[in-house]
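Here's the structure we're looking at; comments come further down.
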Amino acid sequence: MVKLTKSPLPDGIVINSADVYRSGIAFETLINDCHQKCYICEDKPTSINVEHIVAHKSDPALKFDWDNLFIACWHCNNIKSTKYDDIINPVLINPEECIALSVRISDNFIEAVQVIPLKTDAQALKTAELLEIVYNGGSTAMKKVESANLRNEHLLPDIKLFLKYISDYIDEPDLGYDSIIRQEISCSAKFAAFKRRIIAEDTELSVAFADALA
């Protein structure tokens with residue numbers, strides 16, 4: 001998860017049904033605000049859900065609350081469901097200040113995603129718990145397979161390519177790889193939280209790309 005900015009609801013648009021936020025300008029604004037990716041796992045979904053960050057079952061008004069709406073993939077939406085209401089709202093809180101994400105690559109696959117809470121408040125811990133299941137699988141065989149696919153079919157190729165960009169940048173700093181790295185660590189990029197952490201934890205790279213991490 002990375003920090004997001006929500007645009008105001010477009011003038012003249014009133015959300016009074018699910019059809020309004022699932023289509024037209026409201027949906028276009030929402031998906032652009034989320035950079036066309038799931039706000040939880042940061043993959044670009046083939047099956048898109050409009051996710052209520054706080055479940056609306058106990059408060060029907062939340063169903064049509066613009067500030068409560070985000071884009072999520074089916075995998076994350078299904079895991080979060082109503083069980084994880086008290087998670088970090090990435091518009092209000094920067095998730096990178098609360099949770100560190102990294103991967104271990106072994107024999108061309110990711111054994112697991114490491115999810116480390118950087119804070120001990122309830123929201124940070126609950127969000128870390130959700131991300132642990134999203135990336136590493138829950139108690140069911142189906143969720144474990146879904147998470148393994150997310151890691152090894154989507155996250156792994158993206159991170160391997162990013163690491164190659166870094167290697168190429170170090171070997172040939174004048175060939176323009178710096179601009180590619182800046183694009184890859186922007187919050188709009190897939191799996192940006194992982195890439196930004198890689199840069200932030202390297203002494204020299206964190207200085208070279210400090211402005212892009214800001």
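The values are calculated or read from the model by the stated rules, or taken from the named source; none is laboratory data. What you are looking at is a predicted structure, and each value in this text was computed from that prediction instead of being measured. When we count neighbours, we look across all protein chains shown, and the Cβ atoms used for this are built from the backbone with ideal geometry, even at glycine.
The set of residues in the stretch 90-143 that are assigned to a strand (DSSP E or B) and within 24 Å of Asp33 (Cα to Cα) comprises Ile99, Ala100, Leu101.
Considering each of Asp85, Asp67 in turn, give the residue that is within 28 Å of Glu132 (Cα to Cα), surrounded by fewer than 21 Cβ atoms within 10 Å (Cβ to Cβ), in contact with a Lys or Arg (Cβ under 7 Å, 6 or more places away or on another chain) and not assigned by TED's automatic domain parsing to the domain that holds Glu153. Working first, answer last.
Numbers: Asp85 fails: in contact with a Lys or Arg (Cβ under 7 Å, 6 or more places away or on another chain).
None of the other options fit; the residue is Asp67.
Ser106 satisfies every condition listed in (1) among the small types (Gly, Ala, Ser); (2) within 21 Å of Phe194 (Cα to Cα); (3) touching a strand residue (DSSP E or B) at 6+ places or on another chain (Cβ under 7 Å) except (3). Counting only residues that are small (Gly, Ala, Ser) and at pLDDT 95 or above, the stretch 1-25 holds 1 of them. Within the stretch 24-38, the residues that satisfy the criterion of being within 14 Å of the chain's Cα centre (by Cα) and at positive phi are His35, Gln36.
Please go through the stretch 36-53 and give me each residue that is modelled with pLDDT under 95 and surrounded by fewer than 17 Cβ atoms within 10 Å (Cβ to Cβ), ordered by number. Listed by number, the residues that qualify are Thr46, Ser47.
Pairs are defined by a Cβ separation below 7 Å, a sequence spacing of at least 6 or placement on different chains, a first member in the stretch 178-202 that is farther than 14 Å from Tyr165 by Cβ, and a second member that is in a helix (DSSP H, G or I) and small (Gly, Ala, Ser); the pairs so defined are Ala200/Ser206. When His56 is tested against (1) buried (at least 18 other Cβ atoms within 10 Å of the Cβ); (2) farther than 30 Å from Ala200 by Cα, exactly one condition is not met: (1). Please verify whether Ala189 is in a loop (DSSP other than H, G, I, E, B), of a type in the set (A, V, I, L, M), within 18 Å of the chain's Cα centre (by Cα) and crowded, with 19+ Cβ neighbours inside 10 Å, treating the condition exactly as stated. Yes; evaluated as a whole, the condition is true for this residue.
Restricting attention to the stretch 48-87, which residues are assigned to a loop (DSSP other than H, G, I, E, B) and farther than 24 Å from Lys144 by Cα?
Within the stretch 48-87, Val54, Ala55, His56, Lys57, Ser58, Asp59, Asp65 meet the criteria.
Applying the criterion of being farther than 30 Å from Val91 by Cα and of a type in the set (S, T, N, Q) to the residues of the stretch 140-186, the residue that is surrounded by the most Cβ atoms within 10 Å (Cβ to Cβ) is Ser167.
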